[in-house]
1. Filter the stretch 312-335 down to the residues that are under 25 Å from the mean Cα position of the chain (by Cα) and surrounded by fewer than 18 Cβ atoms within 10 Å (Cβ to Cβ) and list them by number.
2. Being part of a loop (DSSP other than H, G, I, E, B) and touching a Lys or Arg at 6+ places or on another chain (Cβ under 9 Å) is the filter; apply it to the stretch 73-108 and report the residue that is nearest to ligand 1 (Cβ to nearest atom).
3. Are any residues in the stretch 214-236 among the aliphatic types (A, V, I, L, M) and within 17 Å of residue 190 (Cβ to Cβ), and if so, which ones?
4. Step by step: first the residues of the stretch 276-298, then only those that are more than 16 Å from ligand 3 (Cβ to nearest atom), within 20 Å of residue 317 (Cα to Cα) and not acidic (Asp, Glu), then the one that is surrounded by the fewest Cβ atoms within 10 Å (Cβ to Cβ). Which residue is that?
5. Please give the number of the condition residue 63 fails out of (1) closer than 30 Å to residue 118 by Cβ; (2) at pLDDT below 95.
6. When you scan the stretch 118-134, do you find a residue that is touching a His at 6+ places or on another chain (Cβ under 6 Å) and either within 16 Å of ligand 2 (Cβ to nearest atom) or over 23 Å from residue 175 (Cβ atoms) (or both), even just one?
7. Checking residue 20 against (1) away from ligand 2 (no atom under 16 Å from the Cβ); (2) touching a residue at least 24 places away in the same chain (Cβ under 8 Å); (3) outside any loop (DSSP other than H, G, I, E, B); (4) farther than 19 Å from residue 447 by Cα, which single condition isn't satisfied?
8. Output yes when any residue across the stretch 170-178 is surrounded by 22 or more Cβ atoms within 10 Å (Cβ to Cβ), within 16 Å of ligand 3 (Cβ to nearest atom) and charged (D, E, K, R), and no when none is.
Amino acid sequence: MSHLIIKNATLVDSSSIYEADILVHNGTIKCISKDITDKKYENMQIIDAKGLLLMPGGIDAHTHFNLDTGVAKSSDDFYTGTVAAACGGTTTIIDHMGFGKAGCSLQSRVDLYHEYAEGKAVIDYGLHGVIQHIDDNILKEMESIVLNGITSMKFYMTYGFMLSDSYAIKTLSKMKSLGGILCVHAESNDMIEHLKDFHFSKGNRSAIYHAYSRPDTTEAEAVHRIIELAKLADNAPLYIVHLSTHKGLKHIEKAQNEGLNVIAETCPQYLLLDEEYYNKENYEGLKYIISPPLREKYNQDKLWLGIKNSKISTIGTDHCSFNFSQKLEMGKEDFRKCPNGIAGVESRMSLMFSEGVSKKRITLNKFVEITSTNPAKIFGLYPKKGSLSIGSDADFVLFDPNKKDTITHKNLHENVDYTGYEGFEVKGCPVMTISRGEIIAENNNFTSKAGRGKYLKRDKPIMI
Ligand code: URP
Ligand code: ZN
Ligand code: ZN
């Protein structure tokens, strides 16, 4: 019978801000009210949170831990990745499985990812399925996978396992019939392949040509196409991951205005970093090779506006850490060979707070909505997660809104040899992370143990 009382905090959820105490019993929220008395409870822990904001713990619905591309392995696993998440104020992640061998079953990927996570994850986690090919067996398997709590899957319009438009319609229809949602990496493969070879054939090998091979048109065309395909699939729910361009956003806005079930996610890297990073000296541009690539700066304001206007609903990180040493070894002579991905799970909350709330681009409530409540709703975790309600899991982040810090690789827990946000000054930092009533991180120190995170069997999405 464990009890925790957090006193004197300012509680912030996606719609309100108020002063109250909060009582946690056996990992869930038992009571929220003014002046909860501590007298009648045994095994009582009390935290005085005066001056702090208490918000639902962050939910990062887009990570890639243990990613194996076949030629490169990402450096964070479910232990290091979730420790980093916890220290940054995130209490739930939903990981995107990587591709397996051609022709493999969906269940084989699910089994492998359970193995990766069990005994390692320190925060609660869910999994998104991955579609590599479509046939009758896969369509049948989708039924049991969704029933077992994987109510979202990712479909790629580029990379090695890029799928055709007819497969997209089949997958969208099937997910709709099962009550799930399809996450789509929208980049136009053939345009990109043509441009990559075109630039390389002219002797252009450096990191900036990664961006020049994937101009905004390549995202916008794919976003537009997948929206039209979802429309053909009887308005199937569609979640566009890592949206990076104004051009793509315009298609999403139009679809939403027409009443289509289209949701968009963006990531801190597209809000805060830009194409110029590819021109850094000493091959440092390789650090930013990600897909879609960093964009021309003008896109950033448009994406912030999209968040403010609720056209973009969530902030994921697409955390996919490859060491700079590995990027250098593989990509120095040929941008096409550099592993794609960047870390970000640890800095997401403070970057979004600082650049969003402290710089007055978004409200506090919007911050909670995009970093926690909306991902919980869309991915079938609400109101267990993403909410400060009686009965919800006691997953909290306590933020000091005035604390200043400078992001630097040496203070982060991500298992990678750099951060793309080196030198970013932030105002507003997580000072304590609580998962199911347990303090798991305090002042940038992880305080719990491997394997405490639980697998989350997810419900059907709530379309926001
Ligand atoms: O560059 C990226 N984004 N790597 C991770 C895989 C993906 O496409 O999300
Ligand atoms: Zn992707
Ligand atoms: Zn991704």
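1. Those that are under 25 Å from the mean Cα position of the chain (by Cα) and surrounded by fewer than 18 Cβ atoms within 10 Å (Cβ to Cβ): 324, 325.
2. At the first step, the residues of the stretch 73-108 found to be part of a loop (DSSP other than H, G, I, E, B) are 74-77, 88-89, 97-105.
In the following step, the residues that additionally are touching a Lys or Arg at 6+ places or on another chain (Cβ under 9 Å) were identified as 77, 88-89, 97-100.
Values: 77: 15, 88: 19, 89: 22, 97: 11, 98: 8, 99: 10, 100: 15 Å.
Filtering the stretch 73-108 for residues that are part of a loop (DSSP other than H, G, I, E, B) and touching a Lys or Arg at 6+ places or on another chain (Cβ under 9 Å), the one nearest to ligand 1 (Cβ to nearest atom) comes out as 98.
3. Pass one, the stretch 214-236, residues among the aliphatic types (A, V, I, L, M): 220, 222-223, 226-227, 229-230, 232-233, 236.
Of everything in the stretch 214-236, those that are among the aliphatic types (A, V, I, L, M) and within 17 Å of residue 190 (Cβ to Cβ) turn out to be 220, 222, 223, 226, 229.
4. 297
5. Going through the list (1) closer than 30 Å to residue 118 by Cβ; (2) at pLDDT below 95, residue 63 breaks only (2).
6. Just the residues of the stretch 118-134 that are touching a His at 6+ places or on another chain (Cβ under 6 Å), to begin with: 128.
Imposing the further condition that a residue be either within 16 Å of ligand 2 (Cβ to nearest atom) or over 23 Å from residue 175 (Cβ atoms) (or both) reduces the set to 128.
Yes: one or more hits.
7. (2)
8. Residues of the stretch 170-178 that are surrounded by 22 or more Cβ atoms within 10 Å (Cβ to Cβ), as a first pass: 171-172, 174-175.
Then keep just the ones that are within 16 Å of ligand 3 (Cβ to nearest atom); that gives none.
No.
The values are calculated or read from the model by the stated rules, or taken from the named source; none is laboratory data. Small disclaimer: the values here were computed from a predicted structure and weren't measured. Methodologically, a virtual Cβ is constructed for each residue, glycine included, from the backbone with ideal geometry; neighbour enumeration extends over all protein chains shown.
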